[in-house]
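Asks: Sharing a structure with you now.
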Amino acid sequence: MLAGKAPGLQHPNSNSILRGLIITLAYDDVNRTVTKRLLEKIGCEVTAVSSGFECLSALSNVEMPYRVVILDLQMPEMDGFEVAMKIRKFYGYHWPLIIALTASTEDHVRERCLQMGVNGMIQKPVLLHVMDSELRRALQSASE
Amino acid sequence: MGKCMQGYLDEQFMELEELQDDVNPNFVEEVATLYFKDSARLINSIDQALERGSFDFNRLDNYMHQFKGSSTSIGASKVKTECTMFREYCRMGNAEGCLRTFQQVKKEHATLRKKLEHYFQLARQAGPKETARRSK
C-alpha cells in the first residue's frame with residue numbers, strides 16, 4: 001500500500017508514499033490556506049476544514065480514504081486535543097494518522113500528544129521540508 | 001524580497017513565495033488578502049473591547065493569540081513582536097501597557113499593509129516573466 005521510493009529522496013512529487021488524502025484542520029483562513037497549499041505542493045490531496053465537526057464528518061465518508069489528519073492544536077474556540085480524542089474514540093489508534101501543529105514544544109504538550117495517540121508533531125510556523133519529512137516518517141512508521 | 005521589506009517580513013514569507021508557481025501564480029497575494037481581512041476583523045474586536053474600558057485580559061489575549069497566529073503564518077515579524085508584547089501585558093494584567101502596545105500593533109500592521117500593497121503592485125507590473133524567474 002505504501003510502495004514507493006526510499007524516504008531519503010527529496011523530490012517533491014515523485015513519491016507515492018505521500019500521494020494520499022489528507023484533512024487539514026485549522027481555525028483561521030490564513031493557516032488553513034497556507035497548510036493546504038504546502039501539502040498540495042508536496043503531492044498530497046487535501047481537504048481543508050475549519051471545525052472538529054467537519055473533520056469528523058469528512059473522516060466518516062467511506063468513499064474518501066483519508067490517511068492523515070493535520071491538526072492545529074492551538075485554535076481559539078476549539079480544543080485541538082479534544083478533536084484528537086474524538087478521532088481516536090471513533091476510529092481507534094491505527095487510523096487515521098494524526099500530525100499535530102503546535103506553537104509550543106513544551107514537554108507537557110508533547111506528553112499530552114502522546115497520550116492522545118498523536119503520531120507526529122510539527123512546530124509552527126510550518127516549513128515545507130519539515131512537513132514533508134514528518135509526514136514521510138509517520139507514514140513509514142505506520143507501515144512497519 | 002527587496003530592501004524595503006527587510007525587518008518587516010521574515011523567512012516565513014519566503015516560504016510562501018516558494019509555494020507560488022505557475023498553477024498558483026497569485027498565491028502570496030491571496031494569502032496576504034486573507035490575512036488583512038482576518039486581521040482587520042481582529043483589530044476591530046480588540047478596539048471595541050478596549051474602548052468599552054472593561055479589561056477582560058483573557059478575552060483580549062484570545063484575540064491577540066489569533067492575530068499573532070496568522071501574523072506568524074505570513075511572516076509579519078514586526079507585527080508578531082508587538083503581539084507578543086501585548087500578550088505579556090495581558091498576562092500581567094497591565095491595562096496601560098495593553099493600550100500602548102496596541103497602538104504599536106496597529107501602526108506596524110498599517111505599515112506592513114502599505115508595503116505589501118506596493119510590493120504586489122510592482123510584482124504585477126513586472127509580469128509573468130518576473131514570476132517565472134522567482135519560482136523554481
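The values are calculated or read from the model by the stated rules, or taken from the named source; none is laboratory data. Just so it is clear, the model here is predicted, and its values are computed rather than measured. Heads up, the Cβs are rebuilt from the backbone with ideal geometry, glycines too, and the neighbour counts pull from every protein chain shown. Surface accessibility is based on the protein's heavy atoms, side chains included, excluding ligands, DNA and RNA. Shrake-Rupley method; radii C 1.70, N 1.55, O 1.52, S 1.80 Å.
Asks: Could you list which residues have their amide H under 5 Å from that of residue A:24, counting only those 5 or more apart in sequence or on another chain, with H placed in the peptide plane?
Replies: A:47, A:48, A:49, A:70
Asks: Calculate one ³J(HN,Hα) per residue across the range A:123-132 by plugging θ = phi - 60° into the Karplus curve 6.51 cos²θ - 1.76 cosθ + 1.60, and present them in order as whole Hz with x for glycine and proline.
Replies: 7, 7, x, 7, 9, 4, 5, 6, 4, 4
Asks: Could you name every residue in the range B:32-47 that has 40 Å² or more less accessible surface in the full protein assembly than in its own chain alone (probe 1.4 Å, ligands and nucleic acids excluded)?
Replies: The answer is B:34, B:38.
Asks: If we count every other residue with Cβ under 10 angstrom of residue A:38's Cβ, Lys/Arg +1 and Asp/Glu -1, where does the sum land? Mind showing how you got there, number by number?
Replies: Numbers: positive: A:36, A:37, A:41; negative: A:40, A:132, B:15, B:18.
Neighbour charge sum, excluding residue A:38 itself: -1.
Asks: Right, next: Report, by chain and number, residues whose modeled amide H sits under 5 Å from the one on residue A:122, excluding near sequence neighbours (fewer than 5 apart, same chain).
Replies: A:100, A:101, A:102
Asks: Right, here's the next one. Each residue of the range A:87-93 in turn: what ³J(HN,Hα) in whole Hz from Karplus with 6.51, -1.76, 1.60 and θ = phi - 60°, glycine and Pro shown as x?
Replies: 4, 5, 5, 7, 10, x, 9
Asks: May I pose another question? Over all distinct alpha-carbon pairs, what is the Kirkwood Rh of the protein assembly as shown in angstrom? Walk me through the numbers before you get to the answer.
Replies: Details: mean 1/r = 0.0499 Å⁻¹.
Answer for the protein assembly as shown: a Kirkwood hydrodynamic radius of 20.0 Å.
Asks: Continuing with the same structure: Do you know the relative contact order of chain A, to the nearest whole percent, from alpha carbon pairs under 8 angstrom that are 6+ apart? Don't skip to the answer; put the middle values down first.
Replies: On the way: 215 pairs, mean separation 30.4, N = 144.
Answer for chain A is 21 percent.
Asks: Something else about it: Place a point 7 Å from the Cα of residue A:64 along the Cα-to-Cβ direction; which residues of the range A:19-56 have their backbone N under 11 Å from it?
Replies: A:21-24, A:46-50, A:54-56
Asks: While we're looking at this one, here's another question. Whole number in Å², please: accessible area per residue of chain B, 1.4 Å probe, ligands, DNA and RNA not counted. Before the final figure, lay out the partial values.
Replies: Numbers: 7370 Å² over 136 residues.
Ligands and nucleic acids excluded, the result is 54 Å² per residue.
Asks: Solvent-accessible area of residue B:18, probe 1.4 Å, all protein chains present, reported in Å² to the nearest ten, please.
Replies: 90 Å²
Asks: In whole percent, what relative contact order does chain B give with Cα contacts below 8 Å and a gap of six or more residues? Kindly include the intermediate steps, with their values, before the conclusion.
Replies: Details: 112 pairs, mean separation 41.8, N = 136.
Reported relative contact order: 31 percent.
Asks: Show me B:39-48, A:127-136 ranked by packing, highest mean number of other Cβ atoms within 10 Å first.
Replies: Details: B:39-48: 15.7, A:127-136: 18.3.
So the peptides B:39-48, A:127-136, ranked by packing, come out A:127-136, B:39-48.
Asks: Let me ask something additional. How far apart, in nm, are the 7 Å Cα→Cβ label points at residue B:48 and residue A:21?
Replies: Simple spin-label model gives 3.9 nm for this pair.
Asks: What is the mean number of Cβ atoms from other protein chains located within 10 Å of the Cβ atom of each residue in peptide A:34-44, rounded to a whole number?
Replies: Details: counts 11, 1, 1, 8, 4, 0, 3, 7, 0, 0, 0.
So the per-residue partner count for this stretch is 3.
Asks: Which residues' amide hydrogens lie under 5 Å from the amide hydrogen of residue A:74, considering only partners 5 or more residues apart or on another chain, with H built in the peptide plane?
Replies: Under 5 Å from the amide H of residue A:74 lie the amide H atoms of A:103, each far enough along the sequence or on another chain.
Asks: Taking chain B, how much of its Cα-Cα pair set, in percent, is spaced more than 18 angstrom apart? Please list the in-between numbers first.
Replies: On the way: 5063 of 9180 pairs.
Of all Cα-Cα distances in chain B, 55 percent exceed 18 Å.
Asks: Here is a follow-up. Residue by residue through the range B:54-62, which ³J(HN,Hα) values in whole Hz follow from phi under the Karplus form 6.51 cos²θ - 1.76 cosθ + 1.60 (θ = phi - 60°), with glycine and proline marked x?
Replies: Result, rounded to whole Hz: 8, 8, 7, 4, 4, 5, 4, 4, 4.
Asks: In whole angstrom, and with the biggest value first, how far do the Cα coordinates of chain A range along each principal axis?
Replies: For chain A, the Cα spread along each principal axis is 39, 32, 29 Å.
Asks: Which value, in square angstrom to the nearest 100, describes the accessible area buried between chains B and A on both sides, using a 1.4 angstrom probe? Could the numbers behind the result be given before it?
Replies: Working: alone 8160 and 7840 Å², together 14390 Å².
Its buried surface, counting both partners, is about 1600 Å².
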